[in-house]
1. (1) assigned to a helix (DSSP H, G or I); (2) over 28 Å from K544 (Cα atoms): which one isn't true of P619, the others all being true?
2. Mind checking which residues of the range 629-673 are polar (S, T, N, Q) and at negative phi?
3. Just give me the residues in the range 470-507 being more than 29 Å from L68 (Cβ to Cβ), open to solvent by 10 Å² or more (accessible area, probe 1.4 Å) and of a type in the set (K, R), in sequence order.
4. For residues that are within 18 Å of the chain's Cα centre (by Cα), in a loop (DSSP other than H, G, I, E, B) and aliphatic (A, V, I, L, M), scanning just the range 552-568, find the one that is farthest from K425 (Cα to Cα).
5. Of the residues that sit in the range 430-464 and are in a helix (DSSP H, G or I) and within 29 Å of E482 (Cβ to Cβ), which one is least open to solvent (accessible area, probe 1.4 Å)?
6. Show me the strands (runs of 3 or more DSSP E) entirely contained within the range 85-156 in which 1 or more residues are more than 23 Å from R74 (Cβ to Cβ) and not charged (D, E, K, R).
7. Quick check on the range 50-68: of everything there that is of a type in the set (K, R) and at pLDDT 95 or above, which residue is least open to solvent (accessible area, probe 1.4 Å)?
Amino acid sequence: MRKIFILSFSLVVFSSWSQTPLKESFNLMPWPKAITENNQVFKLNQQLEVSINGPKSERVDRAATNFLRRISGRTGIFLDKGFPTSYNDNKNAAIKVAYQNVGDLNIDLDESYHLNVDENGVTINAPTDIGALRGLETLLQLTTNDSSNYYFSGVSITDAPRFVWRGLMIDVSRHFHPVDVIKRNLDAMAAVKMNVFHWHLVDDQGFRIESKVYPQLTELASDGLFYTQDQIKDVVAYASNLGIRVVPEIDVPGHGSAILTAFPNLGSKPGYVYSIERNSGVFDPTLDPTNDETYVFLENLFTEVVPLFPDHYFHIGGDENEGKHWDENKDIQKFKKKHGLKTNHDLQTYFNIKLEKILNKLGKNLVGWDEILTPTMPTTAVIHSWRGVSDGLPNGSTLIEAAKKGYKTILSNGFYIDRMEPIAKHYLNEPIGDIELTKEETARILGGEATMWSELATSLTIDSRIWPRTIAIAERLWSQKEINDVDNMLKRIKPISYSLEELGITHIKNRDVILRNISNNQDIDALSTLQKIAEPLKMYTRNKGGTEYKTYSPFTLFADACTADAEDALVFNKLVKAYSTKASSETKNAIQDYLIKWSKNHDRFKQLTASPILNDLEPLSKNLSEASKAISQILDNETLSDAALKQLQNNLEVLKQDHVDVEVAIINSLEILSKNALNN
């Protein structure tokens, strides 16, 4: 059955006064493949109807309805009609969405669309219903207003993704995240045209899938925190309606503590007492690849789980197996010798190949982290490249190597958002770069995934660790390689980030929730000022050795309210860089505004009723205020006494240190501003 839903508004045309480049005019993310403007607008009012021309698609029905809700929510317009109407009932409607086919969610799906907004109406045309969804998200981002009206800006857009795999991995083993957390992040993914949800369901800290074949897995190895099979089906269907594939991961043979807690007979060290891990890191428990019962267990488990996930791909992990328990097991060593397996990598490849055969029989393609890239691994496997130079690989990531060797491959090296690195690093993480590849090799690079490991993230904080940096990663994977201006991206990302709140994303509001908790519901202004210049320690240095924090430790501390790319630090550092390059009174005054604010902040901090948590923050607050006051005087060409200069030096030394698991993100700029005075 073919139905059409139409979105109708009144129209008005006016001239565009802006002559700036389009990326300065429109806050679109990901940036489309081709865009032109026509100096017209499409005014929004309460006469709003929706029609989409194409075969029946629950996705489009839902998307059109949600589109209306979001438009109404953004504008406050009371719509006369809040649901789609048939094209046959309203052939003159102003906004028409047309698609040809209902798409199958796979790597060959066509997600392209054409969007046109002009004085005659709005049209979205796409080969598939998924393309129509992507076009609706772009149209939402074109919503703007003046003092009198809300409207869509007049444009013509032709758009398609650069890569077919644009994913987000969420680890729900280290910290469990309920269905509502998953769904709100799926909504946010769809808003920025991401299309793969990689669900990391099993690791040392918990088994999160209900198994009716092996109920011991959740009875003994989940702390009662897992998804029922009905919940999994619900999430998969929810994602499908958003045009998002769901790829599950059961990590084996390493990271096996949870599985072996339930089934110790499958472990590689007889007599070892297995238990769910409460710490973070890489642990010894490993499934025994020489035990036939291991494969019986995994085949039975996969046979039960696979039908829950219709996607063609199934992730088996395969990472960080150091093989210690294999080395300690004499029977395993005999097995290696008998089968000509010289190394533990050879033994794991033996294991991986057997799993691939099991999955192939079940209609799935195996995906594994790049440790599975060994000489005898079949090229039907997909290599998930996660390691780089910092992980001990001298030649960089394994992405290009895998593609050249005939494997399909996806990139996560450089997209590890849990490491709390700056957004610019992720945004400039170009998957292919200037490397020359054949057409076939290029096609094997499917795309990439942002990876959100949850050792240090609970449901209270996970949104702030994923967003907004993942918006930038979404653009890197959708938009053309040449779209790489960091400053322009930072301008465009701000309104897109705020718009995610309408989908339930808590990345902004939960910062204040944590600060209120820290202050025992006192005025949080002084804490907020500190939060905007402090960033969590990077690259897992917050959790030294993986043992400082356990899965049940508090994640409601000051570091949990802080984020990468601290808000005021980004602006201040940019101002200082500009001032150092070319001093101007305007830039100087902007710098002084920050310095004066910080110099007064400790007085507000001292008004808070003291507590052990606040006492730990006192050195940061005190030294920031003292240093800011002195540097403000230097900037005004005041001469500081030797004692004042010594005090400033001491302040800066304190600010260089870690404070309650955060670092001061403006310290380099403070040193630049004080350098001449301190060196004289």
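The values are calculated or read from the model by the stated rules, or taken from the named source; none is laboratory data. Small disclaimer: the values here were computed from a predicted structure and weren't measured. For neighbour counting, all protein chains shown are included, and Cβ atoms are generated from backbone atoms with ideal geometry for every residue, glycine included. Just so you know, the surface numbers come from the protein's heavy atoms only, side chains and all, with ligands and any DNA or RNA stripped out. Shrake-Rupley method; radii C 1.70, N 1.55, O 1.52, S 1.80 Å.
1. (2)
2. Within the range 629-673, S632, Q633, T639, S641, Q647, Q649, N650, N651, Q657, N668, S669 meet the criteria.
3. Passing the criteria: only K481.
4. Step by step, filter the range 552-568, then rank; the result is A566.
5. Within the range 430-464, the match that is least open to solvent (accessible area, probe 1.4 Å) is E441.
6. Values: elements: 95-101, 113-118, 121-128, 143-145.
The strands (runs of 3 or more DSSP E) meeting that bar are 95-101, 113-118, 121-128.
7. The initial filter retains those residues of the range 50-68 that are of a type in the set (K, R), namely 56, 59, 62.
Applying the additional criterion that residues be at pLDDT 95 or above yields 59, 62.
Working: R59: 25, R62: 115 Å².
Checked the range 50-68; the qualifying residue least open to solvent (accessible area, probe 1.4 Å) is R59.
One line per residue, one yes/no per condition, for (1) open to solvent by 10 Å² or more (accessible area, probe 1.4 Å); (2) in contact with a helix residue (DSSP H, G or I) (Cβ under 9 Å, 6 or more places away or on another chain); (3) more than 20 Å from Q657 (Cβ to Cβ):
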site: A534; (1), (2), (3): no, yes, no
site: Y540; (1), (2), (3): yes, yes, no
site: P554; (1), (2), (3): yes, yes, yes
site: A590; (1), (2), (3): yes, yes, yes
